[in-house]
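Structure, as structure tokens:
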Amino acid sequence: MSHKKQTSRLKGFYQLDLEERHQELLERGYLTPEELGAFLPESGLPLETADHMIENVVGVFSLPLGIALNFQINGVDRLVPMVLEEPSVVAGASFMARLAREGGGFSASCTGSIMIGQLQILDLKDLSLARDQILAHKEDLLGGLEDLDPILRDLGGGPKDLEVREIPHSAIGPFLVLHLLMDVRDAMGANVVNTACEFLAPAVEELTGGRVHLRILSNLADRRLASARCTIPTQSLAFEEYSGEGVRDGIIEAWAFADADPYRAATHNKGIMNGIDAVLLATGNDWRAVEAGAHAYAARYGFYRSLSTWAVDREGNLQGELELPLAVGTVGGATRVHPGVNAALKLMGVESASQLAEIVASVGLAQNLAALRALATDGIQRGHMRLHARQVAVTAGAAGDLVNKLAALLIEENEIRVDRAREILGTWQEGKE
Ligand code: NAD
């Protein structure tokens, strides 16, 4: 172990080559060589392990894993692994985390780890009577589930409460929905909750005389919210010809658009999910579950709006907040099966699902800021296309040193297009012959 300090502020990391970046992680003690190996194509997810994960496996499929820098969350520096195919996301998150750092970093929190399971109760003669019967026997019903998962019980988790909702109008008429609230601790919780719902159903049928139809987790995990806040000093927002105040106000105007218009909100929230999904993928989490919960939560007031809010604080600085359901796990599902997940959690120094959710929410907020800042100033394409140029060069057929050389020329010409890249490559090849 070297005496190099652990910090998320790794200056010049983007300028290092792959080998040097690996050395940096090893020398700072973030990863052992074996853990680092889990990120490499030649020693990553073994085919045999993959064969146990899903059905009809024929191979494994790789995506880039990059590290977002500069994150400081609740006073702790965190390196954040992100897995995705889209350029400029990792750079955007890292840059905004640096700005947020100037305002004290991110402060993030979670409301707990309660997931909701649903039982659909049909064929009831009197919904109110059935509701009263369930609530009168709440303790018995919950007690019957207590020993279902001894590991969870010993960790202080398990069944916590029952709630009943009446659905007065539907295509099949009125029915009752029973919500089982379960504390799933460090698990995402879908299997735990689904098992408990199925186990609970016969007792509910007996009690109410109804027929329990569906028994399944809800992805609208609004008892498991994570939130992140940050303050960006106005002067830190200034660049080139843009004043700090101008950028700040432009960001708030851009946010107000998303908060008022679902067409814009969809894209605004997609930008937030760019950051969130990438960390979820790196940590083996169910990103579809989080996506579903996030968008349902964004529509909780009856219309679809922004998941974030941006405003000016008392000192005139830019203040942002993001809140969304985050059902993430550090145990269960694929998390302990995929070797890359263990390395990703180690890299972040994550010890619990709530810590992971706090990091994920902070990355989402940073990503949102990156998009709003670009949109409110130069437009999104300038920065993005510069970073996209290398992918364009590869698509055109460049390899090795030619990738960066061709990308640089495309940027210089301001013609970041595959047809132009092919043309240049063609002239270079002709030159050789
Ligand atoms: P799981 O069943 O694999 O693991 C959870 C178990 O781990 C718990 O039952 C507990 O016994 C044990 N455990 C050990 N240490 C724990 C700790 N510190 N905290 C909590 N539990 C601990 O996984 P899961 O989280 O119940 O289910 C997640 C999987 O379910 C994901 O793969 C997801 O894709 C899938 N899934 C999702 C949906 C949905 O989102 N609608 C539906 C079905 C399945």
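Listed values, structure above:
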{"quantity": "In region 53-72, the residues that are open to solvent by 80 Å² or more (accessible area, probe 1.4 Å) and more than 30 Å from residue 91 (Cα to Cα)", "calculated": "54, 55, 56, 58"}
{"quantity": "Residues of region 3-31 satisfying the condition of being of a type outside the set (Lys, Arg), over 20 Å from residue 83 (Cβ atoms), open to solvent by 40 Å² or more (accessible area, probe 1.4 Å) and assigned to a loop (DSSP other than H, G, I, E, B)", "calculated": "3, 6, 17"}
{"quantity": "Residue that is farthest from residue 131 (Cα to Cα) [pool: residues in region 143-198 that are basic (Lys, Arg) and more than 7 Å from the ligand (Cβ to nearest atom)]", "calculated": "153"}
{"quantity": "Hey, residue 304 in a helix (DSSP H, G or I), open to solvent by less than 60 Å² (accessible area, probe 1.4 Å) and hydroxyl-bearing (Ser, Thr, Tyr) or not", "calculated": "no"}
{"quantity": "Count - residues of region 32-52 that are open to solvent by less than 50 Å² (accessible area, probe 1.4 Å), assigned to a loop (DSSP other than H, G, I, E, B) and free of Cβ contacts under 8 Å to residues at least 60 places away in the same chain", "calculated": "1"}
{"quantity": "Pairs with Cβ under 8 Å, 6+ apart, first in region 326-349 and closer than 24 Å to residue 27 by Cα and touching a residue at least 24 places away in the same chain (Cβ under 8 Å), second of a type in the set (Ser, Thr, Tyr) and assigned to a loop (DSSP other than H, G, I, E, B)", "calculated": "341/283; 341/335; 344/283; 345/283; 345/330; 345/335; 346/30; 347/30"}
{"quantity": "Test set (1) open to solvent by 10 Å² or more (accessible area, probe 1.4 Å); (2) under 30 Å from residue 185 (Cβ atoms); (3) away from the ligand (no atom under 16 Å from the Cβ) - residue 312 fails condition number", "calculated": "(2)"}
{"quantity": "Matching residues, region 107-152, being surrounded by fewer than 18 Cβ atoms within 10 Å (Cβ to Cβ), touching a Gly at 6+ places or on another chain (Cβ under 7 Å) and either among the hydroxyl-bearing types (Ser, Thr, Tyr) or not in a loop (DSSP other than H, G, I, E, B) (or both)", "calculated": "122"}
{"quantity": "Near pairs, Cβ below 7 angstrom, 6+ apart or cross-chain, from region 85-114 (on the phi > 0 side of the Ramachandran plot) to any residue that is part of a strand (DSSP E or B) and among the polar types (S, T, N, Q)", "calculated": "104/231; 105/72"}
{"quantity": "Tally, over region 153-177, of residues that are in contact with a Ser or Thr (Cβ under 9 Å, 6 or more places away or on another chain) and surrounded by 17 or more Cβ atoms within 10 Å (Cβ to Cβ)", "calculated": "2"}
{"quantity": "Per-region count, region 331-353, residues of a type in the set (Gly, Ala, Ser), modelled with pLDDT of 95 or more, surrounded by fewer than 24 Cβ atoms within 10 Å (Cβ to Cβ) and within 11 Å of the ligand (Cβ to nearest atom)", "calculated": "1"}
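Matching residues to (1) outside the structural domain of residue 254 (by TED's automatic domain parsing); (2) under 16 Å from residue 227 (Cα atoms):
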site	(1), (2)
305	no, no
310	no, yes
328	no, yes
332	no, no
340	no, no
353	no, yes
390	yes, no
405	yes, no
411	yes, no
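The values are calculated or read from the model by the stated rules, or taken from the named source; none is laboratory data. Just so it is clear, the model here is predicted, and its values are computed rather than measured. Using ideal geometry, Cβ is built from the backbone for each residue, glycine included, and neighbour counts are taken over all protein chains shown. Note: areas computed on protein heavy atoms with side chains; ligands, DNA, RNA excluded. Shrake-Rupley method; radii C 1.70, N 1.55, O 1.52, S 1.80 Å.
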